[in-house]
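**Student:** Okay, handing you the structure first.
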Amino acid sequence: MPAGAFDTNSLSWGHYGVARGIDRLLRNLDRHKARASVMTSGVLAERTPAVLKRMVDAGHEIVAHSWAQDVIPATLTTEQVQTDIVRTTE
């Protein structure tokens, strides 16, 4: 990534997902007695091995999704990010 680029997508995935999102997902899957194939990047796997272990221990499959996201809008300007947020939430 270019120096100074603020990657809002990976920030969201890397912070919220492992802190709250995955627990919600695992509870729902367990409640419905369902198993899932969970795609994760190598970066996330390296940073949160306990989270991946919980998924595997619960019977879910881990699927490699490259080392890092290959296409991330990391070079968007602040205005472009704000436009994307508005467009997404309308």
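No lab work stands behind these numbers, since they all come straight from the coordinates. Predicted, not measured: the structure shown is a model, and the values here were computed from it. Positions of Cβ are generated from backbone atoms using ideal geometry, with glycine treated the same way; all protein chains shown enter the neighbour counts.
**Student:** If the chain between Asp57 and Arg20 were fully stretched, how many nm would it gain, using 0.36 nm times the residue separation less the Cα-Cα distance?
**Tutor:** Working it through step by step, the gained length comes to 11.5 nm.
**Student:** Which FRET efficiency value, to the nearest 0.05, is calculated for Ser37 and Thr83 with the Förster distance at 25 angstrom and r the Cβ-Cβ distance?
**Tutor:** It comes to 0.15.
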